[in-house]
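Enquirer: First, the structure itself, so that you have it in front of you.
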């Protein structure tokens with residue numbers, strides 16, 4: 001397994017091989033190692049152009065991969081790829097998710113319950129107060145706060161989550177060893193101890209401006225909702241909000257002074273249909289995140305009544321749409337929806353796409369319901 005991860009890193013080092021081209025390579029060769037070691041003519045057979053084939057051959061012929069892999073091992077950096085069970089669940093559902101993530105820290109199952117809090121680098125006192133309240137409230141309710149480690153709103157959100165005993169994930173627009181801004185190095189170490197720092201860029205990648213819009217789709221992809229606190233007219237937070245909308249995530253924006261440049265973007269989002277965030281609790285209520293405590297307490301609970309047992313018996317490894325589950329269960333649709341929601345909170349089923357569900361655990365025996373005794 002560890003050896004195969006090295007080849008994932010290898011393709012990540014090749015310019016021009018992104019999610020779509022790597023997927024085509026895996027579909028063609030069926031295995032990352034065979035794809036990495038394939039001769040040039042076989043690589044061309046997958047649809048790669050001469051430029052991409054030459055780029056693969058150049059990286060293979062150099063010592064770049066060996067040096068990068070040695071650096072990863074020495075620094076204790078974790079490499080996660082599409083095939084890993086700990087690849088973030090919600091991120092994996094977006095269109096062409098990043099094939100490789102480099103991580104310091106750790107991801108927990110509870111990080112599935114995440115909200116992104118993002119905004120301008122030119123934060124006002126109002127923005128800082130709101131970011132602190134929102135991120136702090138989320139952390140106090142067991143919700144992981146996701147952001148981009150940038151100056152301003154991002155840093156305030158990370159710090160507020162930590163100050164309130166919560167978890168937070170930081171997504172970088174650089175290699176995981178190239179912390180930007182540099183004054184956040186101490187903050188990063190705290191995040192590593194209470195969450196994770198993530199990047200889809202290879203170690204050594206500089207924090208170039210072109211990297212940040214692309215990393216914003218990871219921020220939104222990790223989260224169930226995105227909250228834009230303050231954002232100028234051209235703020236990167238607006239890009240994150242656009243990705244969130246495309247990914248089917250809820251988008252909230254904090255209303256601001258119509259004359260303040262830091263609020264122009266957030267106010268425009270509201271005008272375009274984002275939910276105005278008037279109270280931090282709105283996020284919990286909208287996503288039913290207030291039930292997170294019940295989710296944790298009941299994570300390993302088996303079906304508790306006849307309805308849960310019936311739905312669980314219908315579900316297996318192949319995703320089923322709620323309409324198909326409804327048809328097989330012969331229960332009212334509102335009862336099916338409510339029961340599925342509770343079962344997901346308990347962790348015994350999982351939503352793997354829009355309204356598609358699978359069973360998390362294989363049944364070991366026929367479950368007795370409450371009515372059966």
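Enquirer: Out of 214, 157, I need the residue that is surrounded by fewer than 18 Cβ atoms within 10 Å (Cβ to Cβ), in a helix (DSSP H, G or I) and in contact (Cβ under 8 Å) with a residue 40 or more places away in the chain. Which one? Break it down into steps so the answer makes sense when it comes.
Expert: Numbers: 157 fails: surrounded by fewer than 18 Cβ atoms within 10 Å (Cβ to Cβ).
So the residue among 214, 157 that is surrounded by fewer than 18 Cβ atoms within 10 Å (Cβ to Cβ), in a helix (DSSP H, G or I) and in contact (Cβ under 8 Å) with a residue 40 or more places away in the chain is 214.
Results for (1) modelled with pLDDT of 90 or more; (2) part of a helix (DSSP H, G or I), shown as yes or no for each residue.
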{"site": "263", "(1), (2)": "yes, yes"}
{"site": "269", "(1), (2)": "yes, yes"}
{"site": "278", "(1), (2)": "yes, no"}
{"site": "296", "(1), (2)": "no, yes"}
{"site": "301", "(1), (2)": "no, no"}
{"site": "304", "(1), (2)": "no, no"}
{"site": "309", "(1), (2)": "no, yes"}
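Enquirer: Then there is this: Check 245, 196, 266, 241 and return the single one that is farther than 30 Å from residue 18 by Cα and in contact with a strand residue (DSSP E or B) (Cβ under 7 Å, 6 or more places away or on another chain).
Expert: On inspection, the qualifying residue turns out to be 266.
Enquirer: Here's something else I'd like to know. What residue, of 131, 135, 116, is buried (at least 24 other Cβ atoms within 10 Å of the Cβ), touching a helix residue (DSSP H, G or I) at 6+ places or on another chain (Cβ under 9 Å) and outside any helix (DSSP H, G or I)?
Expert: Values: 131 fails: outside any helix (DSSP H, G or I); 135 fails: outside any helix (DSSP H, G or I).
Checking each option against the conditions leaves just 116.
Enquirer: Let me ask something additional. What number goes with the only condition from (1) in contact with a strand residue (DSSP E or B) (Cβ under 6 Å, 6 or more places away or on another chain); (2) not in a strand (DSSP E or B) that residue 170 does not pass?
Expert: (2)
Enquirer: Determine whether region 101-110 contains at least one residue that is surrounded by 21 or more Cβ atoms within 10 Å (Cβ to Cβ) and in a loop (DSSP other than H, G, I, E, B).
Expert: yes
Enquirer: For residue 108, are the conditions met, namely being at pLDDT below 95 and either closer than 29 Å to residue 356 by Cα or in contact with a helix residue (DSSP H, G or I) (Cβ under 8 Å, 6 or more places away or on another chain) (or both)?
Expert: On the way: at pLDDT below 95: yes; either closer than 29 Å to residue 356 by Cα or in contact with a helix residue (DSSP H, G or I) (Cβ under 8 Å, 6 or more places away or on another chain) (or both): yes.
Against the criterion (at pLDDT below 95 and either closer than 29 Å to residue 356 by Cα or in contact with a helix residue (DSSP H, G or I) (Cβ under 8 Å, 6 or more places away or on another chain) (or both)), residue 108 qualifies.
Enquirer: Here is a follow-up. Determine whether residue 185 is assigned to a helix (DSSP H, G or I) and either touching a helix residue (DSSP H, G or I) at 6+ places or on another chain (Cβ under 9 Å) or surrounded by fewer than 24 Cβ atoms within 10 Å (Cβ to Cβ) (or both).
Expert: Details: assigned to a helix (DSSP H, G or I): yes; either touching a helix residue (DSSP H, G or I) at 6+ places or on another chain (Cβ under 9 Å) or surrounded by fewer than 24 Cβ atoms within 10 Å (Cβ to Cβ) (or both): yes.
Taking the combined requirement at face value, the residue satisfies it.
Enquirer: Working only within region 217-236, note down all residues that are crowded, with 20+ Cβ neighbours inside 10 Å and more than 15 Å from residue 145 (Cα to Cα). Don't jump to the end; show me each part of the working.
Expert: As a first pass, look at region 217-236 and keep what is crowded, with 20+ Cβ neighbours inside 10 Å: 217-231, 235-236.
Passing the criteria: 217, 230, 231, 235, 236.
Enquirer: Shifting gears a bit: Residue check, residue 149 against (1) over 21 Å from the mean Cα position of the chain (by Cα); (2) outside any helix (DSSP H, G or I); (3) free of Cβ contacts under 8 Å to residues at least 60 places away in the same chain, all met but one. Which one?
Expert: Status for residue 149: all satisfied but (1).
Enquirer: If you don't mind, there's one more thing I want to ask. Can you say whether residue 16 is exposed (fewer than 13 other Cβ atoms within 10 Å of the Cβ) and either more than 22 Å from the chain's Cα centre (by Cα) or without any contact (Cβ under 8 Å) to a residue 24 or more places away in the chain (or both), as far as the supplied structure shows?
Expert: No, not satisfied.
Enquirer: Then there's this: Output the residue which, of all residues in region 311-348 that are assigned to a loop (DSSP other than H, G, I, E, B) and exposed (fewer than 15 other Cβ atoms within 10 Å of the Cβ), is farthest from the chain's Cα centre (by Cα). Steps first, please.
Expert: Kept after step one, since they are assigned to a loop (DSSP other than H, G, I, E, B), are these residues of region 311-348: 315-319, 330-332, 347-348.
When the remaining residues are screened for being exposed (fewer than 15 other Cβ atoms within 10 Å of the Cβ), the result is 316-318, 330, 332.
Values: 316: 25, 317: 22, 318: 22, 330: 35, 332: 33 Å.
Top of the filtered list is 330.
Enquirer: How many residues are in contact with a strand residue (DSSP E or B) (Cβ under 6 Å, 6 or more places away or on another chain) and either in contact (Cβ under 8 Å) with a residue 24 or more places away in the chain or not in a loop (DSSP other than H, G, I, E, B) (or both) if we restrict to region 80-98?
Expert: Residues in region 80-98 being in contact with a strand residue (DSSP E or B) (Cβ under 6 Å, 6 or more places away or on another chain) and either in contact (Cβ under 8 Å) with a residue 24 or more places away in the chain or not in a loop (DSSP other than H, G, I, E, B) (or both): 2 in total.
The values are calculated or read from the model by the stated rules, or taken from the named source; none is laboratory data. Predicted model, so just to flag it, every value in this text is computed and none were measured. Don't worry about glycine lacking a Cβ; one is built from the backbone with ideal geometry, like all the others, and counts go over all protein chains shown.
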